[in-house]
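The structure appears below as structure tokens.
The values are calculated or read from the model by the stated rules, or taken from the named source; none is laboratory data. It should be emphasised that the depicted structure is a prediction, and the values quoted were computed from it without experimental measurement. Don't worry about glycine lacking a Cβ; one is built from the backbone with ideal geometry, like all the others, and counts go over all protein chains shown. Remember, those area values only see protein heavy atoms, side chains included, never the ligands or the DNA or RNA. Shrake-Rupley method; radii C 1.70, N 1.55, O 1.52, S 1.80 Å.
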Amino acid sequence: QVQLVESGGGLVQPGGSLRLSCATSGSAFSIYTMGWYRQAPGKQRELVATITTAGMTNYADSVKGRFTISRDNAKNTGYLQMNSLKSEDTAVYYCKLFAINSWGQGTQVTVSS
């Protein structure tokens, strides 16, 4: 069984930064590609960024140049550094280990002045 715990969300002003964390347990974290998703009210869940076991990354066009995904395999933890935040980044953010059918509760990010 896999457990995912997202944290680090909160209220931030436009232009600010947040760093999200995804702590995992119950699986071999280091062997899975991981990603961050987000879902705003009334919107479909969208993939924001991915990182492979080898460290190759990919980003949605909407966040490219502003967000950075990373992972620390020794700590079984993934991260999403979010800079230059915009109001349209407001959503619940979820981490996901590819090939594992499990989601955490997510962490709320609200960008507002």
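Brief remarks follow.
- Screening the stretch 29-46 for residues that are over 23 Å from Glu88 (Cβ atoms) and of a type in the set (A, V, I, L, M, F, W, C) and picking the one that is modelled with the highest pLDDT gives Met34.
- Filter pass, Lys86 being in contact with a strand residue (DSSP E or B) (Cβ under 8 Å, 6 or more places away or on another chain), modelled with pLDDT of 95 or more and among the basic types (Lys, Arg): yes
- Per-region count, the stretch 102-113, residues at pLDDT 95 or above and surrounded by 13 or more Cβ atoms within 10 Å (Cβ to Cβ): 6
- The condition of being open to solvent by less than 20 Å² (accessible area, probe 1.4 Å), among the small types (Gly, Ala, Ser) and touching a Leu at 6+ places or on another chain (Cβ under 7 Å) holds for only one of Gly9, Gly35, that being Gly35.
- In the stretch 55-101, of all residues being more than 17 Å from Ser21 (Cα to Cα) and basic (Lys, Arg), the one that is most open to solvent (accessible area, probe 1.4 Å) corresponds to Lys64.
- Residue in the stretch 47-54 that is at pLDDT 95 or above and open to solvent by 30 Å² or more (accessible area, probe 1.4 Å) present: yes
- Failed condition for Pro41, given (1) touching a Ser or Thr at 6+ places or on another chain (Cβ under 8 Å); (2) open to solvent by 70 Å² or more (accessible area, probe 1.4 Å): (1)
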